[in-house]
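Report on the structure given below.
The values are calculated or read from the model by the stated rules, or taken from the named source; none is laboratory data. Remember, it's a predicted structure, so these values are computed and weren't measured experimentally. So basically every Cβ, Gly included, is an ideal-geometry build from the backbone, and we count neighbours across all protein chains shown.
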Amino acid sequence: MAKAGKGLALAAALLGPLSTAAEPSCISDAIIVFDGSASMSEPAPGTEGEPRIVAAREAVRRAMPEIAAWRRLGLVTYGPQGHPKSCDSVDLRFPPVQDAAPRIIGEVEALRPDGDTPLTSAVRRAADALDYTAKPGVVVLVTDGRETCGGSPCALGAELAAKGAGLIVHVIGFQLQPDLEGHPLFRPDNSVHKADCMAEKTGGLVVTTETVEELVEALRETLACPVVSLLE
């Protein structure tokens, strides 16, 4: 690759960190899938601190304004009250729009965590909203644990890779729940609950985070615009 010199440095400064994954440019829309399950109302494992949702809200407030300035964003949530069956609690809050930061921040601030974790169907809902079979897109799943509603993240990841026109799924684990069978995201290869399969099969990133700062950086990394595409 030819050296871009000061132009690359300036673009990097303006747009933030360059993603290490091969993702579509910011011409492509993105949807954040945000965990609103009951465990988000609990402190991180081994602590007596604030509920996870408090730290997650702070990260969203800090990260979204700069990200939304460059990319159209939408939001899917799962887990909140108001659904007769918590595994049916997936909501497309809104499809990708410009300047989405205030809407995303407002929705996450208003979220009252409850219910189970239908993360597979939530990612599918986001992929459908992005029209993934017709055009590239990005889904960023933020979760504190594994699928609990019988979905198969690995099967969905394979389907998205086979039928998609460039969809990438990134998985961000936040203050992950302990699990007697092992790490809640990194499950045995034969487990249908292995959430990081969706990233592995679509070329996305898998990032584990514990602090507000780490979650902010993970959101920046997975949603940043690749600067190279702007300079070619």
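Values computed for the structure shown
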item	result
Residue tally, condition under 24 Å from residue 211 (Cβ atoms), touching a Lys or Arg at 6+ places or on another chain (Cβ under 8 Å) and surrounded by 18 or more Cβ atoms within 10 Å (Cβ to Cβ), over the stretch 47-75	3
Failed criterion for residue 117 (all others in (1) among the β-branched types (Val, Ile, Thr); (2) touching a Phe, Trp or Tyr at 6+ places or on another chain (Cβ under 9 Å); (3) within 20 Å of residue 30 (Cα to Cα) hold)	(3)
Conditions (1) of a type outside the set (Asp, Glu); (2) out of contact with any strand residue (DSSP E or B) (no Cβ under 6 Å at 6 or more places or on another chain); (3) modelled with pLDDT of 95 or more; number of the one not met by residue 95	(2)
Every residue from the stretch 76-109 that is among the aromatic types (Phe, Trp, Tyr) and either in a loop (DSSP other than H, G, I, E, B) or surrounded by fewer than 22 Cβ atoms within 10 Å (Cβ to Cβ) (or both)	94
Leading residue by the ranking (modelled with the highest pLDDT) among those in the stretch 122-157 that are within 11 Å of residue 29 (Cα to Cα) and among the charged types (D, E, K, R)	131
Residues of the stretch 124-145 classified as of a type outside the set (Gly, Ala, Ser) and surrounded by fewer than 23 Cβ atoms within 10 Å (Cβ to Cβ), total	7
Total residues in the stretch 110-123, condition buried (at least 21 other Cβ atoms within 10 Å of the Cβ), in contact with a helix residue (DSSP H, G or I) (Cβ under 9 Å, 6 or more places away or on another chain) and in a helix (DSSP H, G or I)	3
Every pair of residues 6+ apart whose Cβ atoms lie under 7 Å, when the first sits in the stretch 184-203 and is closer than 15 Å to residue 160 by Cβ and among the hydrophobic types (A, V, I, L, M, F, W, C) while the second is assigned to a loop (DSSP other than H, G, I, E, B) and modelled with pLDDT under 50	195/185
Any hit, the stretch 52-59, residues being in contact with a helix residue (DSSP H, G or I) (Cβ under 9 Å, 6 or more places away or on another chain), of a type outside the set (Asp, Glu), modelled with pLDDT under 90 and assigned to a helix (DSSP H, G or I)	no
Conditions (1) modelled with pLDDT of 90 or more; (2) more than 15 Å from the chain's Cα centre (by Cα); number of the one not met by residue 191	(1)
The stretch 43-67, residues that are among the small types (Gly, Ala, Ser) and under 20 Å from residue 123 (Cα atoms)	56
